[in-house]
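What follows draws every value from the coordinates through simple rules; no lab data is involved. Please read these numbers as outputs of a predicted model, since none were measured by experiment. With ideal geometry, Cβ positions are generated from the backbone for all residues, glycine too; neighbour counts draw on all protein chains shown.
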Amino acid sequence: MIKNTLTGKQKRFLRSMGMTMDPVVMIGKEGVSPTVVQSAAEAIKKRELVKVRVLQNCMDDPESAITMLAERTNSDLVQIIGHNGLLFKRNFDSPKIELPK
C-alpha cells in the first residue's frame with residue numbers, strides 16, 4: 001500500500017492546483033509499462049505535481065493503474081477521479097511547490 005505523507009490541508013492545496021492542469025502522463029493499452037513509469041518519474045522530478053490520465057483502451061482498472069504508477073515512482077497519490085489522478089513527489093534539490101504546513 002502507498003504510504004501517504006501529506007496532510008489533508010496539503011492534499012486540498014495540491015488538488016486545487018491540479019484542477020487547471022492538463023494530463024502529462026497517459027496510460028494506454030500497454031498499461032503501466034516501464035516506459036510509462038520512466039516518463040512519469042521524469043515528469044514528477046521536473047514538476048513535482050503531475051496529472052495522469054488512463055485512456056479508454058487500457059485494460060487495467062483506472063484506480064489500480066494509477067495506484068500502481070504511484071507505487072513504482074515512489075510518489076504520493078493525491079487524488080483519483082474517474083480516469084484521472086494526481087501524483088506528487090517533493091523535489092528536495094529544487095522545490096517548485098511550497099506546501100502549506
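Worth a mention:
- Net charge of neighbours whose Cβ lies under 12 Å from the Cβ of MET59, counting Lys and Arg as +1 and Asp and Glu as -1: -2
- Residue order, fewest to most beta carbons within 10 Å, for VAL24, VAL36: VAL24, VAL36
- Charged neighbours of VAL24, selected by a Cβ distance under 14 Å, balance to +4 (K, R count +1; D, E count -1).
- Overall form of the chain per C-alpha gyration tensor (a/c, 1.5; a/b vs b/c): prolate
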